1. Under 16 Å from the Cα of Lys136, which aspartates and glutamates turn up, not counting those fewer than eight places away in the same chain?
2. How are the alpha carbon pair distances in segment 46-138 distributed across 5 Å bins from zero to the largest one, expressed in percent?
3. Enter the Cα centre distance for the pair segment 51-68 and segment 111-169, rounded to the nearest angstrom.
4. DSSP loop (so not H, G, I, E, B), at most 16 other Cβ within 10 Å: list which GluC sites (Glu not before Pro) in segment 62-155 pass both filters.
5. Relative contact order for the chain: what percent, with Cα pairs under 8 Å and sequence separation of 6 or more?
6. Within 10 Å of each candidate Cβ there may be at most 13 other Cβ atoms; applying that plus a DSSP loop requirement, which trypsin sites (Lys or Arg not before Pro) in segment 68-123 survive?
7. Exceeding 30 Å between C-alpha atoms, which entries from my cross-link table qualify? They are Lys22/Lys55; Lys58/Lys169; Lys69/Lys145; Lys65/Lys140; Lys14/Lys150.
8. Using 0.36 nm per residue of separation minus the Cα-Cα distance, give me the extension gain between Thr53 and Lys136 in nm, one decimal.
Amino acid sequence: MISSDVILLRTPVKEDSDLYFKWINDKKLVEFNSVFKPISEKEHAEWFTKIFTIKDMKVFSIIEKNTNKLIGSCSLRKINEIQECAELQIRLGESAFRNRGYGTEAVRLLVYYGFNTLNLNKIYLYVFENNIRAVKAYEKNNFKKEKLIKKFLLDNDKYKNAYLMINRK
């Protein structure tokens, strides 16, 4: 459990699964950072069960403290102890909590956890070039644009460019 004045990052619990399922099937939300593909309840249940056993991934539910409401999820993935690095991912699922600093704060807490608990030296992420709000949140947390990757992802017959952003300890 990692906490600040406004949010708490905690291990997901069974009750979180329904919102995670809703968010992964929200086309507009998913398209902020991936290609949308509808997920079945069975696929989701298998994934949700598996996240607790994947050794190179740490997933957190983002809880808004005033309301005790689950508002999103974040994770460190592809944790590489030898290279001391991991990939960061975040999704603010509840639209009422976007543009209010919660994502920036969740990234701050997750980076702190990665550097100070997991002893990472580098945390990286990929963000679509046109996702200005996310780029700003990452820059507030000392992520730097390392390079622009052209044609990073093909989505509905259109290529999307993405930045590789890195935060070094």
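1. Counting by Cα, and skipping residues close in sequence, Lys136 has these aspartates and glutamates nearby: Glu105, Glu146.
2. Over segment 46-138, the share of Cα pairs per 5 Å bin runs 3, 13, 23, 23, 19, 14, 5, 1 percent.
3. Cα centres, segment 51-68 to segment 111-169: 20 Å.
4. Glu81, Glu84, Glu129
5. 18 percent
6. Arg100
7. From the list (Lys22/Lys55; Lys58/Lys169; Lys69/Lys145; Lys65/Lys140; Lys14/Lys150), the Cα-Cα distance tops 30 Å for Lys69/Lys145; Lys14/Lys150.
8. Stretched out fully, the Thr53 to Lys136 stretch lengthens by 26.6 nm.
Computed from the coordinates by the stated procedures, all read-outs in this text should not be read as laboratory data. Not measured: the values here are computed from a predicted model. Neighbour counts are summed over all protein chains in view; Cβ atoms, including those assigned to glycine, are modelled from backbone coordinates with ideal geometry.
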